[in-house]
1. Report, in debye and to the nearest 20, how large the dipole of the chain comes out about its Cα centre when Lys and Arg carry +1 and Asp and Glu carry -1 on their Cβ.
2. If we count every other residue with Cβ under 13 angstrom of Leu30's Cβ, Lys/Arg +1 and Asp/Glu -1, where does the sum land?
3. Karplus couplings for segment 72-79 from phi (6.51 cos²θ - 1.76 cosθ + 1.60, θ = phi - 60°), rounded to Hz, Gly and Pro as x?
4. Give me the 1.4 Å probe accessible area per residue for the chain, excluding ligands and nucleic acids, in Å².
5. If you average the sequence gap of Cα pairs under 8 Å that are 6 or more apart and divide by the length of the chain, what percent do you get for the contact order?
6. Is the shape of segment 37-132 rounded, prolate or oblate, going by the alpha carbon gyration tensor and its root eigenvalues a ≥ b ≥ c, with a/c under 1.5 for rounded and a/b larger than b/c for prolate?
7. Any chance you could look up the accessible area of Leu131 with a 1.4 Å probe, heavy atoms only, rounded to 10 Å²?
8. Is segment 71-122 best put as rounded, prolate or oblate by its Cα gyration tensor, with a ≥ b ≥ c the root eigenvalues, rounded for a/c under 1.5, and otherwise prolate when a/b is larger than b/c, oblate when not?
Amino acid sequence: MITFLAESRHFKVYSINDNAYLKRKSTCLLLDEFDKTDVHIGWIYGDPTDALIMPDEKHVVIAGAGITIFDIDCKKEHYLFAEPDNIIWTNGLHQADMDNGQVECRYVAYFEETKTRVFKMNILTKMTSLLD
């Protein structure tokens, strides 16, 4: 089953089970189904929960088991917080007006195992900070 996670002017992000894909709208034949031109972003254990296409359409951020940052031009993924023995479960990706919309986003994750908190992350430096 296809789950659509995010959409922008030129792209769609969707998952089929644990696999996330990027669809370039201008080159695909099927907008609402898997297409052989779609790019495999990566395997996300336990299914992706959310995605965010950055406003400049250069990166995709995917939440679920950790965070996956995908560079659209280079077609390379970077996994954070997804070590097999130390997974941080994330969801609720969004951007706030006070964030740098090109490189910053926010996500919700468990903090101290039982509390959910909002974190801010710079996708280029991979630096995160806990927001109060």
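The values are calculated or read from the model by the stated rules, or taken from the named source; none is laboratory data. Please read these numbers as outputs of a predicted model, since none were measured by experiment. Backbone-built Cβ (ideal geometry, glycine too); neighbour counts: all protein chains shown. Calculation scope for accessible area: heavy atoms of the full protein, side chains included, ligands and nucleic acids excluded. Shrake-Rupley method; radii C 1.70, N 1.55, O 1.52, S 1.80 Å.
1. 300
2. Charge balance in the 13 Å sphere: +1.
3. Karplus values, whole Hz, x for Gly and Pro: 5, 5, 7, 6, 10, 10, 10, 9.
4. 58
5. Once divided by the residue count of the chain, the mean separation gives 14 percent.
6. Oblate, because a/c is 1.5 or more while a/b does not exceed b/c.
7. Near enough 40 Å² of accessible area.
8. oblate
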